[in-house]
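Visitor: The structure under discussion is supplied below as structure tokens; questions concerning it will follow.
The values are calculated or read from the model by the stated rules, or taken from the named source; none is laboratory data. Keep in mind that what you see is a predicted model, and the values were worked out from it rather than measured. We place every Cβ from the backbone using ideal geometry, glycine too, and count neighbours over all the protein chains shown. Note: areas computed on protein heavy atoms with side chains; ligands, DNA, RNA excluded. Shrake-Rupley method; radii C 1.70, N 1.55, O 1.52, S 1.80 Å.
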Amino acid sequence: MEQSKKKRKKRSYSAKKAYGFKVSGQTVPETTNTEAVEAKQKSNSNATTAEAEDDYVFESRKFVSDTMSRWCKDLLELPVYKDIARLCKNIRILDFRTDTILYQEDGLKDRGDIVYDILVVLAKELDGDSVLKIIEDNYYNYVTPGNGEVDTAEQLKAFFSNVKLPADCGTVRIIKCIQQEMISPGVKALRERIYSKFPYKDIKGTWEIYIEILATCVILVHTKWEQSHDSSNESYFKFQWELRLVFGRPFEATINIIDYEFHPGVPVEKQVRIKKLMSPFLPQKVEYTRVWKKAISEFNIHMDLPRLGQNLVIYSETGLSLIHI
């Protein structure tokens, strides 16, 4: 009798080991000791990764210091001649004092003429006649219109090398920021946080530069879109970062993600994790901006406006109540 029980017990164990056992109506394969150890290690690894992501602290002081160290280099030490020739068609100069566009490429000029226009506008707004005269008298002695990007870059290199623009003039201070080295500390910070988990690459043609002239300072902004390496519906995402440099007292530098998109097929869990990785660079206002940018047809305006309009107040610039329902 005892032997029979042992046999039945042994057969029961063998069946369980071979076919799995049932829990709440589902067959769950039994885990061997080796598999259990691997599963535990994987679980611990995931937990460690999650903890590392939670513990991440963006070293903003180091980022600002690294960015400023690049700006403090001499003009001829930087690849300005090469990058301004490449990026000139994506540069806009804005006057926030008068709400006007001082310069925007019109699609009719070649790169040599575009760079000339940019230098002239900056000299007029930031430096005055002395710097402006240096540019006007010498630029076309070195730069020949009608050349491509590479030839224009080489001619600009000769211009900057032979024509000594004052190192402390506003024009030089600004154009020193229009080059690849200036964005590298911010790009590196983003890659260290996001790229190692979800690799991405730049979207060609999306690098734009804005020079904003205010009454008290000048701000230079780089923006660019990146997209995931994996373009499948279950993994594709993209985001736009912004490097903002404020030339005032003191010098300020910030790197932020100002927009992002996921393919509708990306699982919610993955979206949450990617957004968590983005969070050190994601200002709260971005979520409000994303809502505001949606099409009006996506909102229940026809329902909410009549209901909320009862408490609507519109003020003039001087604070006078224009409408109070």
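Visitor: So what's the gap between the Cα centers of the stretch 236-300 and the stretch 141-160, to the nearest angstrom?
Guide: Centre-to-centre distance over Cα atoms comes out at 38 Å.
Visitor: At 1.4 Å probe size, what's the solvent-accessible area of residue 229? Round to the nearest 10 Å².
Guide: 90
Visitor: For residue 60 and residue 321, what does the FRET efficiency come to when R0 = 45 Å and r is the distance between their Cβ atoms, rounded to the nearest 0.05?
Guide: So, using R0 = 45 Å, E works out to roughly 0.60.
Visitor: Sorted by accessible area (1.4 Å probe), largest first, how do 132, 76 line up?
Guide: 76, 132
Visitor: Work out, step by step, the length gained on full extension between residue 295 and residue 164: first 0.36 nm times the residue separation, then minus their alpha carbon distance; give nm to one decimal.
Guide: Extra length available between residue 295 and residue 164 comes to 42.1 nm.
Visitor: I need the P(r) histogram for the stretch 176-267: all alpha carbon pairs, bin width 10 Å from 0 out to the longest distance, whole percents.
Guide: Bins of 10 Å from zero give 15, 44, 26, 11, 3 percent of pairs.
Visitor: May I pose another question? Just subtract the alpha-carbon distance of residue 201 and residue 138 from 0.36 nm times their residue separation and send over the number in nm, one decimal.
Guide: My answer for the length gained is 18.7 nm.
Visitor: With the radius of gyration and the Kirkwood radius both derived from the Cα set of the stretch 245-325, what is their ratio Rg to Rh?
Guide: That ratio equals 1.13.
Visitor: Then there's this: Take residue 308 and residue 188, extend 7 Å from each Cα along the Cα→Cβ direction, and tell me the distance between the two endpoints in nm.
Guide: My value for the distance between the label points is 4.4 nm.
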